[in-house]
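For reference, the structure is listed below as structure tokens.
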Amino acid sequence: RLMGYNSKQATIIGVGMVPRAEVALVAATLGLELGLIDHSLFAAVLLMVTVSLFVVPALLVFLYRGQGRSAL
């Protein structure tokens, strides 16, 4: 919102930034290898990444509904 976007545009940008799977997987893998996290936390991160990869595109379609190609 600080950059002049309205609430809907800011939400679309925020939702679009959610599926940062590669970053989460690299961090979780390093944490597991270094012994900073256990296997149950790694599994939770893996589940979170998987769910977000499937939910976010559908949520973006919902948020863009009724808007033209120039929504942003």
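Sticking to Cα atoms, compute the Rg of region 1-66 to one decimal and its Dmax as the biggest Cα-Cα distance, whole number, in Å.
In order Rg, Dmax, the Cα atoms of region 1-66 give 15.3, 48 Å.
Multiplying the sequence separation of residue 30 and residue 5 by 0.36 nm and subtracting their Cα-Cα distance, what value in nm do you get?
Contour length minus the Cα-Cα distance gives 5.4 nm.
Explain nothing, just the number: dipole magnitude of the chain about its Cα centre with +1 on each Lys and Arg Cβ and -1 on each Asp and Glu Cβ, in debye rounded to the nearest 20.
Using Cβ point charges on Lys, Arg, Asp and Glu, the chain gives about 560 debye.
Taking the dipole about the Cα centre of the chain, with the C-beta of Lys and Arg at +1 and of Asp and Glu at -1, give me whichever of 29, 3, 57 is farthest to the positive side.
3
When the chain is fully extended, how far beyond the present Cα-Cα distance does residue 42 get from residue 65, taking 0.36 nm per residue of separation?
Once the chain is fully extended between residue 42 and residue 65, it gains 4.8 nm.
Just the number, please: carbon plus sulfur as a percent of the accessible area of the chain, 1.4 Å probe, no ligands or DNA/RNA counted.
69
The values are calculated or read from the model by the stated rules, or taken from the named source; none is laboratory data. Just so you know, these numbers come straight off a predicted model, no measurement behind them. Please note: Cβ atoms are built from the backbone with ideal geometry, for glycine as well, and neighbour counts cover all protein chains shown. Surface areas here come from the heavy atoms of the whole protein model, side chains and all, with no ligands, DNA or RNA. Shrake-Rupley method; radii C 1.70, N 1.55, O 1.52, S 1.80 Å.
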